[in-house]
Ligand SMILES: Nc1nc2c(ncn2[C@@H]2O[C@H](COP(=O)(O)OP(=O)(O)OP(=O)(O)O)[C@@H](O)[C@H]2O)c(=O)[nH]1
Ligand SMILES: [Mg+2]
């Protein structure tokens with residue numbers, strides 16, 4: 001899974017990226033080169049950490065997601081910005097919005113207006129999409145040198161009758177509730193405003209414990225999903241030892257690093273869940289889409305296991321932790337045998353039996 005981090009200039013994107021991925025890219029005025037960065041973040045998961053403590057395995061492998069951090073998008077430059085192209089293939093977007101005051105760091109719009117900035121960036125994405133759609137329609141239009149295939153006809157109809165009018169009405173494509181083939185076609189175009197988006201509001205340190213996404217028009221049935229963070233604090237927290245982290249968080253009035261909330265929200269945005277495999281050799285988390293059945297989940301580990309799937313032995317992570325071993329779970333009838341159509345749940349511990 002890959003997420004793109006984007007936003008207006010100097011909002012704290014690279015700082016957030018560094019925190020998420022434990023990277024050390026230059027931020028602020030030192031970031032003169034304006035480069036795009038890519039790195040992997042571990043998905044924090046307390047359940048998995050406790051299973052590790054139970055097994056003391058040789059290898060411990062949390063789930064990961066990849067983040068792409070691009071330079072700030074200038075107002076009015078969305079369509080031209082080369083780096084938007086780097087976001088074509090990402091699965092979801094994190095839009096970082098500035099809600100911290102700092103006279104040292106000029107704000108592109110002059111005043112601090114997070115709500116307006118959310119709309120501004122959306123408009124840039126819409127403009128970038130508009131350019132791409134017009135170009136594509138031109139190729140599929142009168143100028144086409146040959147007859148269109150049925151597939152191309154469908155594309156053209158969708159683009160001309162649904163997608164273009166939406167963009168012209170300044171509606172982000174993620175709001176189009178398409179189904180079936182149309183939804184798949186739209187996804188295939190890799191347009192930016194069609195991607196699921198999470199807004200990360202970067203507030204000043206004293207605000208972080210009390211600010212709510214709703215304060216910025218986020219969340220609820222209507223708004224985009226949102227998370228509030230303080231990027232510099234998160235960076236500081238992420239570099240502390242575990243014990244100190246807990247004290248620091250308590251001082252700030254936070255239950256957990258906001259970072260954990262960001263990654264969880266990323267998971268939620270794409271409808272992802274984790275299941276676990278355990279043993280002395282390795283304790284590991286695997287990422288799948290919610291609703292996947294056991295056989296598909298096996299494919300997340302290896303295509304051979306999917307092909308040769310016989311059955312899955314499944315128990316809940318907390319039952320395993322409480323009873324201390326899979327054998328004990330079996331004795332208590334808490335280790336179930338499931339077939340290939342079993343829908344894997346978040347937090348399942350799974351052992352696949354297969355034959356190739
Ligand atoms: N005071 C304060 N400064 C912050 C906060 N978040 C980021 N900064 C500072 O803002 C400056 C810009 O941060 P970056 O992470 O480089 O911002 P960016 O969005 O990646 O910037 P570009 O890539 O140039 O668009 C840096 O000097 C940060 O230290 C914050 O919450 N409070
Ligand atoms: Mg940056």
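Of the numbered criteria (1) more than 28 Å from residue 159 (Cα to Cα); (2) within 15 Å of ligand 2 (Cβ to nearest atom), the one residue 111 fails is (2). Search the stretch 182-236 for residues being under 16 Å from the mean Cα position of the chain (by Cα) and within 16 Å of ligand 2 (Cβ to nearest atom), and hand back the single one that is surrounded by the fewest Cβ atoms within 10 Å (Cβ to Cβ). Checked the stretch 182-236; the qualifying residue surrounded by the fewest Cβ atoms within 10 Å (Cβ to Cβ) is 229. Is there any pair linking a residue in the stretch 287-300 that is at positive phi and outside any helix (DSSP H, G or I) to one that is buried (at least 16 other Cβ atoms within 10 Å of the Cβ) and modelled with pLDDT under 95, with Cβ under 7 Å and at least six apart or on different chains, and which? Hits for this filter: zero, empty list.
Between 51, 16, the distinction of being near ligand 1 (Cβ under 8 Å from one of its atoms) and in contact with a strand residue (DSSP E or B) (Cβ under 8 Å, 6 or more places away or on another chain) belongs to 16 only.
Across the stretch 54-75, the number of residues qualifying as within 15 Å of ligand 1 (Cβ to nearest atom) and over 21 Å from the mean Cα position of the chain (by Cα) comes to 2. Looking across 198, 218, one residue alone is part of a loop (DSSP other than H, G, I, E, B) and in contact with a helix residue (DSSP H, G or I) (Cβ under 9 Å, 6 or more places away or on another chain). It is 218.
Output yes when any residue across the stretch 135-144 is in contact (Cβ under 8 Å) with a residue 40 or more places away in the chain and away from ligand 1 (no atom under 16 Å from the Cβ), and no when none is.
Yes; the residues of the stretch 135-144 include at least one that is in contact (Cβ under 8 Å) with a residue 40 or more places away in the chain and away from ligand 1 (no atom under 16 Å from the Cβ).
Answer yes or no: is there a residue in the stretch 3-19 that is free of Cβ contacts under 8 Å to residues at least 60 places away in the same chain and either within 16 Å of ligand 2 (Cβ to nearest atom) or within 27 Å of residue 123 (Cβ to Cβ) (or both). Checked against the condition, which is being free of Cβ contacts under 8 Å to residues at least 60 places away in the same chain and either within 16 Å of ligand 2 (Cβ to nearest atom) or within 27 Å of residue 123 (Cβ to Cβ) (or both), the stretch 3-19 yields at least one hit.
For the stretch 37-84, residues that are more than 16 Å from ligand 2 (Cβ to nearest atom) and part of a helix (DSSP H, G or I) total 10. Of all residues in the stretch 221-243, which are touching a helix residue (DSSP H, G or I) at 6+ places or on another chain (Cβ under 9 Å) and assigned to a helix (DSSP H, G or I)? 231, 232, 233, 234, 235, 236, 237, 238, listed by residue number. Say we look at the stretch 1-13 and pick out the residues that are assigned to a strand (DSSP E or B) and away from ligand 1 (no atom under 11 Å from the Cβ); which of these is nearest to the chain's Cα centre (by Cα)? Among residues in the stretch 1-13 that are assigned to a strand (DSSP E or B) and away from ligand 1 (no atom under 11 Å from the Cβ), the one nearest to the chain's Cα centre (by Cα) is 3. The set of residues in the stretch 311-336 being in a helix (DSSP H, G or I), more than 34 Å from the chain's Cα centre (by Cα) and over 14 Å from residue 350 (Cα atoms) consists of 328, 331. Residue 118 meets the stated requirement of being modelled with pLDDT of 85 or more, touching a strand residue (DSSP E or B) at 6+ places or on another chain (Cβ under 9 Å) and part of a helix (DSSP H, G or I). Among the residues of the stretch 19-32, just one is out of contact with any helix residue (DSSP H, G or I) (no Cβ under 9 Å at 6 or more places or on another chain) and more than 10 Å from ligand 1 (Cβ to nearest atom), namely 21.
Could you say which residue among 319, 251, 260 is without any contact (Cβ under 8 Å) to a residue 24 or more places away in the chain and in contact with a helix residue (DSSP H, G or I) (Cβ under 9 Å, 6 or more places away or on another chain)? Sole residue among the options that is without any contact (Cβ under 8 Å) to a residue 24 or more places away in the chain and in contact with a helix residue (DSSP H, G or I) (Cβ under 9 Å, 6 or more places away or on another chain): 319. Could you tell me whether residue 96 is under 28 Å from residue 167 (Cα atoms) and assigned to a strand (DSSP E or B)? Judged against the criteria, residue 96 is a match.
Quick check on the stretch 154-175. Is at least one of its residues surrounded by fewer than 12 Cβ atoms within 10 Å (Cβ to Cβ), within 21 Å of the chain's Cα centre (by Cα) and either under 22 Å from residue 78 (Cα atoms) or touching a residue at least 24 places away in the same chain (Cβ under 8 Å) (or both)?
Yes: one or more hits.
The values are calculated or read from the model by the stated rules, or taken from the named source; none is laboratory data. None of the values given here were measured: they were computed from a predicted structure. Every residue, glycine among them, receives a Cβ derived from its backbone with ideal geometry; neighbour counts consider all protein chains shown.
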